[in-house]
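In what follows, a single structure is set out as structure tokens and then discussed.
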Amino acid sequence: MLETEEHKALRAAVAALGRRHGRTFDREALWSEAAKLGYLGVNLPEQYGGGGGGITELSIVLEELGAAGCPLLMMVVSPAICGTVIARFGTDAQKRAWLPALADGTRTMAFGITEPDAGSNSHRITTTARRDPDTGDWLLSGRKVFISGVDIADATLIVGRTEDARTGRLKPCLFIVPRDAEGFTRRQIDMELQAAEKQFELVLDDVRLPADALVGDEDAGLLQLFAGLNPERIMTAAFAIGMGRYALTRAVEYARDRAVWNTPIGAHQAIAHPLAQAHIDLELARLMMQKAAHLYDAGDDAGAGEAANMAKYAAGEACVKAVDQAVHTLGGNGLTREFGLASLITAARVARIAPVSREMILNYVSHQTLGLPKSY
């Protein structure tokens, strides 16, 4: 897909910002500057202080920051998932309260869907919301796990389930839970992964929320949920492609400069060809990501769902291979802090695991695209 001149200009401007901050970036300083320049809210409606673009533009921002070594993980969550859901389904009051602040970076929102026992099966989510018949308030109870950035977010968009009055079945709904809500507690998970954003386990113990904490229509929960999950997959692909590009750039620089027996090691096909393959895989993943973003921004949710899953799969695989080959190209230097690649070995795996595993994406493609029978 050919990029417009506007997209090329955006990519170049964000790349320059990323170079100024670099691998040792301060998250708050970069978040603040990206917001001031209009990059954080580029996908949000103009009437609420955003850029009026879509996931296409937001994915460019995250990819280029990642390629400069300073990806902002909360971009996947705050403007992409939460901002999109509120922009599409929120009340006027919710839009006024959240979208301008998400766009200018003064407020952030985390996203809580994953549970200890549900895994990839969102139908087994046990966090439930029930009405207080006397006040009309919602009461939320349940647990969440591996939720990013809860400590720095002003609120968390929690996926709970309510009972359908007609069928008695539980259906998904989304609630805005303030960070300091009574009964809403968090415990930081001790991760090997080095990241500015920490991971948390959450407990909701009869958290009382006003009626207007519910986002959108109580009966459209699944539609609203997937309106957030497709951008999440596209943005995870952007995160992975940026990381892969960063690692590949470091490896190419090293392969040009490092000489053994008076010859740069990059002249040898054993070094050059795997790096070329890594570049090809990253470019192919980017094409699928651009297709997914285009479909989503055009309003084709079904087409975007398939493409977003494929993009996330391709980008995760390409990122892991690029990082592995980059470290291998540097040899022992690839494991030193000086070159800054070793920590990416762990980080690259995230793109294979979250927000949905590669195996579940293969299940999706085999069932939804190829029409093969389910095994579960």
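The values are calculated or read from the model by the stated rules, or taken from the named source; none is laboratory data. These numbers were taken from a predicted model, which means no experiment stands behind them. Every residue, glycine among them, receives a Cβ derived from its backbone with ideal geometry; neighbour counts consider all protein chains shown. For accessibility, only protein heavy atoms count, side chains too; no ligands or nucleic acids. Shrake-Rupley method; radii C 1.70, N 1.55, O 1.52, S 1.80 Å.
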>> Please return the longest range in the chain lying between exposed loop sites, taking GluC sites (Glu not before Pro), DSSP loop only, at most 14 other beta-carbon atoms within 10 Å, and leaving the sites out.
In response: 4-181
> Excluding ligands and nucleic acids, what accessible area in Å² is computed for T128 using a 1.4 Å probe, to the nearest 10?
Replying inline: 50
>> Restricting to DSSP loop positions (anything but H, G, I, E, B) with no more than 16 other Cβ atoms inside 10 Å of their own Cβ, which trypsin sites (Lys or Arg not before Pro) remain in region 152-254?
In response: R166, R169, R179
> Under a 1.4 angstrom probe, counting protein chains only, how are F339, F89 ranked by accessible area, largest first?
Replying inline: F339, F89
>> Tell me the accessible surface of H367 in square angstrom (1.4 angstrom probe, heavy atoms of protein chains only), to the nearest ten.
In response: 30
>> How much length would be gained if the chain were fully extended between K171 and Q194, taking 0.36 nm per residue of separation minus their Cα-Cα distance, in nm to one decimal?
In response: 4.7 nm
>> Restricting everything to alpha-carbon atoms, can you work out Rg to Rh for region 189-237 with a Kirkwood hydrodynamic radius?
In response: 1.08
> GNM, the chain, Cα, under 10 Å: largest mean-square fluctuation among S59, S141, S78?
Replying inline: S141
> Where only protein heavy atoms count, and the probe is 1.4 Å, what is the accessible area per residue for the chain in Å²?
Replying inline: 47
> Between G112, G332, G142, which gets the highest mean-square fluctuation from a Gaussian network model of the chain, Cα cutoff 10 Å?
Replying inline: G332
> By the scheme Lys and Arg +1, Asp and Glu -1, what is the net charge of all other residues having a beta-carbon under 14 Å from that of L193?
Replying inline: 0
>> Need one value: the accessible area of D217 in square angstrom, 1.4 angstrom probe, rounded to the nearest 10.
In response: 80
>> Given all pairs of different Cα atoms, what value in angstroms does the Kirkwood hydrodynamic radius of the chain take?
In response: 21.4
> For labels at D92 and N262 in the simple 7 Å Cα→Cβ model, what's the distance in nm?
Replying inline: 7.9
>> Among DSSP bridges having both ends in the chain, what percentage is antiparallel? Round to the nearest 5.
In response: 85
>> With a 1.4 Å probe and all protein chains left in place, how much of the accessible area of the chain comes from carbon and sulfur atoms, in whole percent?
In response: 52
>> List the residue ranges in the chain for DSSP H helices whose C-alpha atoms run 24 angstrom or more along the long axis and whose Kyte-Doolittle average is 0.0 or above.
In response: 221-257, 269-297, 301-330
> In whole percent, what relative contact order does the chain give with Cα contacts below 8 Å and a gap of six or more residues?
Replying inline: 15
